[in-house]
1. For the subset of the stretch 161-174 comprising residues that are modelled with pLDDT of 95 or more and of a type outside the set (A, V, I, L, M), which member is farthest from the chain's Cα centre (by Cα)?
2. Name every residue in the stretch 128-141 that is open to solvent by 30 Å² or more (accessible area, probe 1.4 Å) and in a strand (DSSP E or B), in order of residue number.
3. Looking at the stretch 1-17, which of the residues that are in a helix (DSSP H, G or I) and open to solvent by 50 Å² or more (accessible area, probe 1.4 Å) is farthest from residue 52 (Cα to Cα)?
4. Quickly run through the stretch 142-162 and pick out the residues that are touching a helix residue (DSSP H, G or I) at 6+ places or on another chain (Cβ under 7 Å) and either part of a strand (DSSP E or B) or open to solvent by less than 50 Å² (accessible area, probe 1.4 Å) (or both).
5. Quick check on my filter: what residues within the stretch 163-200 are assigned to a loop (DSSP other than H, G, I, E, B) and surrounded by 17 or more Cβ atoms within 10 Å (Cβ to Cβ)?
6. Starting from the stretch 23-39, keep only residues that are charged (D, E, K, R), then list their pairs with residues that are open to solvent by 50 Å² or more (accessible area, probe 1.4 Å) and in a helix (DSSP H, G or I) whose Cβ atoms are within a distance under 9 Å, requiring at least 6 positions of separation or different chains.
7. Going through the stretch 177-192 one residue at a time, which ones are free of Cβ contacts under 8 Å to residues at least 12 places away in the same chain and aromatic (Phe, Trp, Tyr)?
8. Take the conditions modelled with pLDDT under 85, assigned to a strand (DSSP E or B) and of a type in the set (Ser, Thr, Tyr) and apply them to residue 80. Does it pass?
Amino acid sequence: MNNIKHLRKEHRLSGQELGKAIGKSQATISKWERNQKLRYEYLKLIADYFKVPISAVSGDYTEKKTEQTDNMVAIEIIGTHKNSSTQTLQTITLGHQLMPISMLREFTNAAPTDIKIIRIENESMKPTINAGDMVWVDTSVSHPDNDGIYLLNLGNMIVPKRILINPIKHSAIIKSDNPEYENFTTDDYNQVKVFGKVIYHIQKVV
């Protein structure tokens, strides 16, 4: 299965809207989304529209993974989608970011396989992290260990939140930098399960 449907939903587009944007019908988009071996010219059309590599549309990442060497690591770029049968949020691989291991070590000692790159789709941490920004997340962290920004699975999407810990009371405030979003507290921060801890942030330039 290709990733056209995921890319379309990630950008909040209907099949009709995507078709109109690239000069195709909604029926054509629906057909493409079901086609596992789509023609190159169609893959390129979608890739050019979303400004992603063709491999991110086709779902073929084998070649990317083999590029990793002793001095370079491939950091997985992921997206999310809701499984219609289980109603749970699942991740999907969109591609890989190749980088020198020495550069990765400048901001984390975590294993490269634990680091994921994900695009933020909401504004709960605005202006610190805006919708469309990319964050690097250490997924080996499953519970908050100190003050910081973490990704939480809140049903339909993974969202960033700032968690402030009170080590004496073992409580925590889970807050948004955006004042339009409500903050909440927990009596035991050890019970808070997180998708990972944000360790790096790439801000989108408008």
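1. Out of the qualifying residues, it is 162.
2. 134, the sole residue that qualifies.
3. Among those residues, the one meeting the criterion is 16.
4. Across the stretch 142-162, the qualifying residue is only 144.
5. 176, 192, 194, 195
6. Listed by first residue and then by second, the contacts come to 24/42; 24/45; 33/5; 34/5.
7. Result: 184, single match.
8. Yes: the conditions hold for residue 80.
The values are calculated or read from the model by the stated rules, or taken from the named source; none is laboratory data. Model, not experiment: these values are computed from the prediction. Here Cβ is always computed from backbone atoms with ideal geometry, including for glycine, and neighbour counts include all displayed protein chains. The area values use the complete protein model at the heavy-atom level, side chains included, leaving out ligands, DNA and RNA. Shrake-Rupley method; radii C 1.70, N 1.55, O 1.52, S 1.80 Å.
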